[in-house]
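The values are calculated or read from the model by the stated rules, or taken from the named source; none is laboratory data. From a predicted model like this one, the values you see are computed outputs, not experimental measurements. Cβ atoms come from the backbone with ideal geometry, glycine included; neighbour counts cover every protein chain shown. For accessibility, only protein heavy atoms count, side chains too; no ligands or nucleic acids. Shrake-Rupley method; radii C 1.70, N 1.55, O 1.52, S 1.80 Å.
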Amino acid sequence: MGFPFGAVEVSLKTMTNSDFQVDGPTFSSLEREAPLLMRVKQFADALDQTSWFAHLGERASDDVRHISETYLDRLGFPDAELAILPTWEDAADAAETYDWASAAWEAEELARADLTARALDVMSEEALDIGLRLVAQEAGQGAKAAMEDQASLWDMAEEGPRQLAVGAAVQAAHGAALSLIVAASSDDEEEVKDHAFMWKFRLFAEGRWPVAIVGSTFSLF
């Protein structure tokens, strides 16, 4: 099963440290053109501190519940109920049966398109592309390594759900980076920092995998 994430689709099997470099003349010229790129780079550099997938299946803490409720509210699904998925089998079932044309999926796609357009108002397409590629690389490498460790601990051999989880982590980092770019250029920076994508990324930072919103249920592993 592939990643239905459009422009943020990445090849997680072939990604290496040398795939994408931001040092040298190219980065310097883009930095001069779009100082916001430095904020994206700082975010990307900090991704190695993220506790990817460290608390899968655990009981939801008060912080996790608050983050989940706020994410759902900001995305437009305040009545959805949090459901903790306790096992990989449950998470795999929820991920593989998720309707990628659902209301929640469409809400996120619209939000992503809006943030991208707003980011392109303040950055060139080249600068935005190079920043988001860097975020994708750093998130992909960190999440993939963490997932390999977790798969071993859980004795999870099936490849599909693991790839979906890592792809979702990359997508969440992509959305958070867009939010940061727009926030830095907004008259109300705090409002943009309150974006649904920032709250979703916080769930990954808590070591969880927000799998799907289906009907009135938000499934979290």
Protection proxy (average C-beta count within 10 Å per residue), highest first, orders 131-138, 171-178, 95-102 as 171-178, 131-138, 95-102
Note, region 58-72: 3J(HN,Hα) by Karplus (6.51, -1.76, 1.60, θ = phi - 60°), whole Hz, Gly/Pro = x, goes 6, 4, 6, 6, 4, 5, 5, 5, 5, 4, 4, 5, 5, 4, 4
Taking protein heavy atoms only, a 1.4 Å probe, and rounding to whole percent, the accessible area of region 95-221 owed to carbon and sulfur comes out at 48 percent
In nm, the gap between the two label points placed 7 Å beyond Cα toward Cβ at Leu82 and Asp121 is 3.3 nm
Note, region 127-144: 3J(HN,Hα) by Karplus (6.51, -1.76, 1.60, θ = phi - 60°), whole Hz, Gly/Pro = x, goes 5, 5, 4, 5, x, 6, 5, 5, 4, 4, 5, 5, 5, x, 5, x, 5, 5
Probe 1.4 Å, all chains present, heavy atoms only: Ser216 accessible area in Å², nearest 10, is 70 Å²
One checks the Cα atoms of region 21-162 and finds Rg and Dmax, in Å, of 18.2, 50
The set of residues whose placed amide H lies less than 5 Å from the amide H of Leu82, leaving out same-chain residues fewer than 5 positions away, is Phe218
So for R0 = 41 Å, FRET eff. of Glu158-Asp73 from the Cβ-Cβ r, to 0.05, ends up at 0.80
Expressed in angstrom and rounded, the centroid-to-centroid distance over alpha carbons for region 148-187 and region 56-80 is 17 Å
The set of residues whose placed amide H lies less than 5 Å from the amide H of Val214, leaving out same-chain residues fewer than 5 positions away, is Ser219
Shape call for region 98-221, from the Cα gyration tensor axes a ≥ b ≥ c (a/c under 1.5 means rounded, otherwise prolate when a/b beats b/c, else oblate), comes out prolate
With all protein chains in place and a 1.4 Å probe, His66 shows an accessible area in Å² (nearest 10) of 100 Å²
